[in-house]
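Each value in this text was obtained by applying a stated rule to the coordinates, not by laboratory testing. This one's a predicted model, so the numbers in the text were calculated from it and none came from an experiment. We place every Cβ from the backbone using ideal geometry, glycine too, and count neighbours over all the protein chains shown.
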Ligand SMILES: *Cc1c(COP(=O)(O)O)cnc(C)c1O
């Protein structure tokens, strides 16, 4: 029996998500030690100590189901964001809420629009519900919002925007977002992914939640995986009109967010100092990486996130050479960027080690 013969055609056609290589796998397969991973946009400083402390007391309660309504975390988020608790949807990572949006609003015969080089989950979410994924060509690696608005057809049910986008780090400003939302038909859901919101320092960067009142078809998603340092726990959320949250709630698993994640996220939310330090260190680290690229004569894509794509030529080759030097970064050929590698901003020591390894890898490939 070949199981593939029985699967739905759109499931057969799916290309699975490719995660960054885990440190343990590299050390096992390449026999290196002291490897560093700058491949998944994780917080190099770990989680907030307050989040860790919040989990400790809960382990003996693991026999109980979590609070499926996420009451305490929603109350804390609502207060922080200035929204009502019934406009929030919690997810097992923001990936979960991105998928809930597709499941609630699109199906076979519908279209879901997103940009070229955009986060891979949008295409997977679209295809998994049988919708047609419409990829709109980027401009200088960035979302072309005008072209995306023009790509809407009567079949379009949903559009995904990433601001900033992963893997490119490109972003758009308030005027661009407003113009786009005004151009999107009211029957199309506009899902604005702000996974890197806490990292952005640009003054004209829009806070998506400020547009919810004007655009009832807007859904803003955020996560605790990146600046809050909780990627391993899997927790994120959507902010939307309560009527949309009500629909997302119908298609989610009853206990999609676990009890440790709920408690850790609530504690992390209260540690604003941790997030501020994370942002500052990221800004300094980004500068160090960019200076390093310039010194090596490499071009990069300007990024507002905690990662940056650098153009290295034969990226597959340089990626391998970096692995042998114990440094894991992310190849992005599957995003249509075969000449780039994406590197996450790490600690000052990790950034220096990466730049040293990159210099060595480039010299080696010149000699080869
Ligand atoms: C990392 C990332 C996410 C979500 O990750 P979760 O861990 O599922 O919250 C969402 N969007 C983008 C663009 C990302 O890079």
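In what order do 101, 201 fall by count of nearby beta-carbon atoms within 10 Å, going from fewest to most? List each step's numbers first, then the result.
Values: 101 30, 201 11.
Final ranking by Cβ density, sparse to dense: 201, 101.
Sorted by mean Cβ packing within 10 Å, highest first, what order do the peptides 159-166, 262-269, 21-28, 34-41 take? Before the final figure, lay out the partial values.
Numbers: 159-166: 27.0, 262-269: 23.5, 21-28: 14.6, 34-41: 20.2.
For the peptides 159-166, 262-269, 21-28, 34-41, the packing ranking is 159-166, 262-269, 34-41, 21-28.
Can you tell which of 50, 324, 214 shows the greatest fluctuation in a Gaussian network model of the chain with Cα springs below 10 Å?
The residue that fluctuates most here is 214.
Enter the Cα centre distance for the pair the range 145-199 and the range 230-268, rounded to the nearest angstrom.
For the range 145-199 versus the range 230-268, the Cα centre distance is 22 Å.
So for the range 180-234, what are the equivalent ellipsoid semi-axes in whole Å, largest first, each being the square root of 5 times an eigenvalue of the Cα gyration tensor? Before the final figure, lay out the partial values.
Working: eigenvalues 119, 41, 11 Å².
Its equivalent ellipsoid spans semi-axes of 24, 14, 8 Å.
So if I take the alpha carbon set of the range 1-114, get Rg, then get Rh from the Kirkwood formula, what is the Rg over Rh ratio? It would help to have the intermediate numbers written out before the result.
Numbers: Rg = 20.2 Å, Rh = 19.3 Å.
Radius of gyration over Kirkwood radius for the range 1-114 works out to 1.05.
In what order do 152, 189 fall by count of nearby beta-carbon atoms within 10 Å, going from fewest to most? Numbers along the way, then the final one.
Numbers: 152 18, 189 23.
In order of increasing Cβ crowding within 10 Å: 152, 189.
For the range 278-350, what does the alpha-carbon gyration tensor say about shape, rounded, prolate or oblate, given a ≥ b ≥ c as the root eigenvalues, a/c under 1.5 as rounded, and a/b over b/c as prolate?
On the way: a/c = 1.67, a/b = 1.46, b/c = 1.14.
Prolate, since a/c reaches 1.5 and a/b exceeds b/c.
Taking the Cα centre of each part, how many Å lie between the range 340-368 and the range 78-138?
Cα centroid of the range 340-368 versus Cα centroid of the range 78-138: 34 Å apart.
For 353, 330, what ranking results if the residue with the fewest other Cβ atoms within 10 Å of its Cβ goes first? Each step should come with its number before you reach the end.
Numbers: 353 18, 330 26.
With the sparsest Cβ surroundings first, the list reads 353, 330.
Given a cut-off of 15 Å, what percent of all Cα-Cα pairs of the range 320-368 lie beyond it? Don't skip to the answer; put the middle values down first.
Values: 571 of 1176 pairs.
The calculated P(r) of the range 320-368 puts 49 percent of pairs beyond 15 Å.
Tell me what the chain gives for mean residue ellipticity at 222 nm when only DSSP H runs of n ≥ 4 count, each as -39,500 (n - 2.57), the sum divided by the residue total, rounded to 500 deg cm²/dmol. Before the final figure, lay out each step's value.
Numbers: 13 runs with 142 residues, N = 368.
Calculated from helices alone, the mean residue ellipticity at 222 nm is -11500 deg cm²/dmol.
How much of the calculated P(r) for the chain lies past 33 Å, in percent of all Cα pairs? Don't skip to the answer; put the middle values down first.
Values: 20835 of 67528 pairs.
Roughly 31 percent, once rounded to a whole number.
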